[in-house]
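The values are calculated or read from the model by the stated rules, or taken from the named source; none is laboratory data. Since the model is a prediction, treat every value here as computed from it, not as a measurement. Ideal geometry is used to build each Cβ from the backbone, glycine not excepted, and the neighbour counts take in all protein chains shown.
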Amino acid sequence: MNKKKEMQRIYESQKEDGCILCKTLGQKQTTHTEIHHLRSGQGIAQRGIRCVPLCVKHHRTHEGFHGLGRKGFERTYNLSEKELLEKWESQSELNVDWDLF
């Protein structure tokens, strides 16, 4: 397996799925989808590991993960990165074995 190509396939699928937080909150997504790399439990080398699709609003604005910080994000939405990943995995057609990466 070519890991780089497989990760690209996962990213593209996640982008097509749309923002998992918008879906969870029952909101209409109004910005494009980006890939958020989970930081919890990943150490310094987080790229190319576990990730979830988030819209720009929920990824990097003042209402998003990077604007609020992890604790603020979890407090605001009552969801952790891990819970978002679990929600995405449960609705996705992909069956990703993250340990391969």
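Odds and ends about this structure:
- Residue selected from segment 73-87 under the condition over 22 Å from Y11 (Cβ atoms) and in contact with a helix residue (DSSP H, G or I) (Cβ under 9 Å, 6 or more places away or on another chain), by the criterion surrounded by the most Cβ atoms within 10 Å (Cβ to Cβ): Y77
- Among residues of segment 22-33 that are in a strand (DSSP E or B), those with a Cβ under 9 angstrom from a residue that is among the basic types (K, R), sequence gap 6+ or separate chain, pair up as T33/K15.
- Selection from segment 72-86 of residues that are assigned to a loop (DSSP other than H, G, I, E, B) and either of a type in the set (A, V, I, L, M) or under 10 Å from the mean Cα position of the chain (by Cα) (or both): L79
- Top-ranked residue of segment 1-39 - restricted to ones that are of a type in the set (D, E) and surrounded by 11 or more Cβ atoms within 10 Å (Cβ to Cβ), ranked as modelled with the lowest pLDDT: E6
- The residues of segment 61-71 that are part of a helix (DSSP H, G or I), surrounded by 16 or more Cβ atoms within 10 Å (Cβ to Cβ) and not aliphatic (A, V, I, L, M) amount to a single one, F65.
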